[in-house]
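This report concerns only the one structure given below.
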Amino acid sequence: MKEPNANQSQCKIMSAQEAVRRFVFDGALVGVGGQTIGRSAMSIYHEIIRQGKKDLFLVGCNLSLCMDMLVGAGLVRRTECGTGNMERFGTTFAWRRAIEQGKLENEDYSHLAMATRFLGGEMGLPFMPTQSLLGSDILNRKHSTTGKKFELIANPWNPEEKVALLPSLNPDVSIIHAQKADSMGNLIIEGFLAHEPEMIRASKRVIVSCEEIVPSEEIRRYPERTTIAYPYVSAVVLQPWGAHPTGTYRYYSHDSEHIREYQKAAREGGAAFQKYLEHYIFSSSCFDEYLEKVGGLKKYNALRQDMMQLV
Amino acid sequence: MAVDFQLDELMVIEAARHIRDGETVFVGTGMPMVAGMYAQKTHAPNMCFVVETGPIAPQVLPVPTSVSDPKAMYRAAKLGTLRETLGCLLQRGMVDVGFLGGAEIDQFANINSSMIGTEYDRPKVRFPGSGGANDIASHARRILIITRHERRRFPERCAYITSPGYIDGPHGRKKAGLKSAYPDITVVTDLCVMAIDKSIGRLKVAKLMPGVTLQQVQENTGFAIEGQPQIEIVQIPTPEEVEILRREVDPGREYIGKD
C-alpha cells in the first residue's frame, strides 16, 4: 500500500481529483456503495472516468448506473455482484451488452451472498458461510476466469445440514456517498444502509463524498449516531448533490428525467454514449459544472421538494 | 352489478389475498411491491413489509420505482442493512412469505432472472441477476410469485436456475440442503393461479381467472399443464377493491397495465 497512514490523518478533506489520484489505481478492486437509485457517489465516479483509471474490478450488491457508466467508458475488467439493474428504469445496458459480447467478466452471487463475503472481510476472516445459493445455478455455473467460487461442506455439528462457504472480500478501495461526515472521516449515513457498513469496514481504503461536513464535536456529543468511525475512512470529499442523478435520503430525490436520459444513451451505446460522456463528464472540469448542466438550482430545489414530502 | 376490472388488476388483488394479516412478508421489486401495498391497504394492515435495502415495516407510498426508493421506506419501524433483512430476518427463518416477480418460471417453480443461452461467459441474453431473489426463494416459509402469463416466461426448464423452486422434483430442495425444504409455492398470473403439488414437486393449476380456460393457459405455457382435481374460479373483485387499487396503490398506472 502506497500510503499506510492515510486512515490516521486528522484531516481527510480533499477534492475528488486528489482522492481518486491517491486511492484509486489501475486494476483496483473497488467496492461500490449505494443501491439502484439511492446514494451512488457519482462525483467520484465522474472523476475516475476523467482520470481514466482502468482494468477495475467492481464488487457490490446491486450495481447500478455508476457501474454501468464505468463499463460503458471501457474502464472495467470484471464485476462480481448480485445484480446489474436499474429496476423500473430498465437494466444496466452497457453492462448487459459487454457481458453478451464476452468483453466483461462477471460472476453472479445473490445479495445476501455478497453481504456475507463483506462480513467475512470486515471480521478479518478468510471465508464466511451461507445457506443461500444451495441447489441454484449460482453455484453450478461460473465464469471460466473464476477460481474456486465456493466450498460446500456439511455442518460439523449436524452433518445432515449443508453450508456453502464463500471467499471473503476486502476491496482495495470503496466508494460511498454519505449525508454527513466530519473532517476525520466519521460518517453518518441516513436512510437505508444496504451492504455498506460491512463493505466499508472490509475495505483497505474508503473514499466518501458527503452532502455536509459536520464538526467533530457534534460527532463526539452523539457518538451512537455514527454509522462508521474514522479509522476505516481515507478521504472525505464535500460535494453537495454529489449523488445526482441518484437520490440522497432526507436531502433530494433521484432525478428520473436524467436517469432516463442516461438510460437512453446507454441503451443506444456507441456515439450516443460517447456524446453523453463528452457533454457531462469530459467537458466538465468538476462535478459542480455537471450540476449546472443538468438543471442547476431550479432542478435541485424541485428534487429537494420531492424528498421533503417523503421524510 | 358487473364490476369493471382488468385481469391485470385481478392478478394483483388475487396475489395480495395470499398474504395474511400480521405476517412478515419479504417483498421483491416491481409487481410484488404493488401487490404488497394493496394487501397492506386492505386486509393485512398489520403485515410486516420487509425490503432488502433495509426497510423493516414501512407503510409504502405509491409507488416505488426501486427497492432503494424512499417511498419504500416511508414510516418504517427501522431502516437497517441488507445483512439484517436478508440475513437475520430471512435466512434465520423469520419470514412467512417471500414475494417475487419472475423473468422465467419453469414447471418446478424455479426462477431464472440471470441469463438465456448456454455459455455463461457469453450469454445470448443477460438479465439483471439474482439480487435478493435467490435468498428469498431459498429461505422463506412460503413463496409467492406474480408474473404475467406468456409462453416465453414459462419454459419446461429454466436455462439457469437463479432462485430455486422444487429444483427437479418433490425432494429437490431437501437434497440441495435447503432448510425450507417443502414450502408452499403459489404462482399468480393474469390467466390463472398455479400451486406446487408437493407429491410431484410440479406446478398445477389451482384456479382460473374468470373467463379463462385451461386450454388458454396451456397455449400460453411451455410445459404440460395439469389442473388440480377441483379447479376454482378466482373470486372477482368488488368495486371497492378495484377503486383502492386504482386510487391508492398505483394511481399513475406505473405498473398495472404495463409490461
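The values are calculated or read from the model by the stated rules, or taken from the named source; none is laboratory data. These numbers were taken from a predicted model, which means no experiment stands behind them. Heads up, the Cβs are rebuilt from the backbone with ideal geometry, glycines too, and the neighbour counts pull from every protein chain shown.
Output the qualifying pairs, or none if there are none: Cβ atoms under 7 angstrom, residues six or more apart or on different chains, first residue in region A:11-26 and closer than 17 Å to residue A:54 by Cα, second residue modelled with pLDDT under 95.
Short answer, once both residue conditions are applied: A:22/A:3.
Scan region B:118-139 for residues that are small (Gly, Ala, Ser) and either surrounded by fewer than 23 Cβ atoms within 10 Å (Cβ to Cβ) or more than 7 Å from chain A (Cβ to nearest Cβ) (or both) and report the count.
Matching residues across region B:118-139 total 2.
I'd like the full set of residues that are within 18 Å of residue A:31 (Cα to Cα), in contact (Cβ under 8 Å) with a residue 60 or more places away in the chain, more than 10 Å from chain B (Cβ to nearest Cβ) and crowded, with 24+ Cβ neighbours inside 10 Å, limited to region A:73-101.
Correct list: empty.
In region B:122-178, how many are touching a residue at least 60 places away in the same chain (Cβ under 8 Å), part of a strand (DSSP E or B) and farther than 27 Å from residue A:159 by Cα?
2
Would a scan of region B:68-82 turn up a residue that is crowded, with 24+ Cβ neighbours inside 10 Å, touching a His at 6+ places or on another chain (Cβ under 6 Å) and facing chain A (nearest Cβ under 10 Å)?
Within region B:68-82, one or more residues are crowded, with 24+ Cβ neighbours inside 10 Å, touching a His at 6+ places or on another chain (Cβ under 6 Å) and facing chain A (nearest Cβ under 10 Å).
Tell me, which residue of region A:124-141 that is at the interface with chain B (Cβ under 8 Å from one of its Cβ atoms) and not in a helix (DSSP H, G or I) is nearest to residue B:123 (Cα to Cα)?
A:141
Restricting attention to helices (runs of 4 or more DSSP H) lying wholly within region A:44-123, give those where 1 or more residues are out of contact with any helix residue (DSSP H, G or I) (no Cβ under 9 Å at 6 or more places or on another chain) and more than 28 Å from residue A:22 (Cα to Cα).
Ranges flagged: A:93-100.
Provide a single number: the residues in region A:127-151 that are farther than 23 Å from residue B:181 by Cα and either of a type in the set (S, T, N, Q) or touching a Gly at 6+ places or on another chain (Cβ under 7 Å) (or both).
Here the count works out to 4.
Tell me, which helices (runs of 4 or more DSSP H) lie completely within region A:222-311 with 1 or more residues that are within 14 Å of chain B (Cβ to nearest Cβ)?
A:256-268, A:296-308
Testing residue B:142 on (1) in contact with an Asp or Glu (Cβ under 7 Å, 6 or more places away or on another chain); (2) more than 9 Å from chain A (Cβ to nearest Cβ); (3) surrounded by 24 or more Cβ atoms within 10 Å (Cβ to Cβ), one condition comes back false. Which one is that?
(3)
Would it be correct to say that residue B:224 is part of a loop (DSSP other than H, G, I, E, B) and within 26 Å of residue A:130 (Cβ to Cβ)?
no
Residue by residue, here is whether (1) among the charged types (D, E, K, R); (2) in contact with a Phe, Trp or Tyr (Cβ under 9 Å, 6 or more places away or on another chain) holds:
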position	(1), (2)
A:33	no, no
A:58	no, no
A:63	no, yes
A:68	yes, yes
A:78	yes, yes
A:84	no, yes
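Looking for something under 17 Å from the mean Cα position of the chain (by Cα), assigned to a loop (DSSP other than H, G, I, E, B), closer than 21 Å to residue B:189 by Cα and of a type in the set (S, T, N, Q) - is there at least one such residue anywhere in region B:41-61?
no
Among B:203, B:214, which is crowded, with 20+ Cβ neighbours inside 10 Å and hydrophobic (A, V, I, L, M, F, W, C)?
Being crowded, with 20+ Cβ neighbours inside 10 Å and hydrophobic (A, V, I, L, M, F, W, C) holds for just one of B:203, B:214, which is B:203.
Which pairs turn up if I take residues in region A:267-284 that are at pLDDT 95 or above and look for partners that are among the basic types (Lys, Arg) and in a helix (DSSP H, G or I) with beta carbon separation below 7 Å, at least 6 apart in sequence or on another chain?
Pairs found: A:269/A:97; A:280/A:293; A:281/A:50; A:282/A:50; A:284/A:293.
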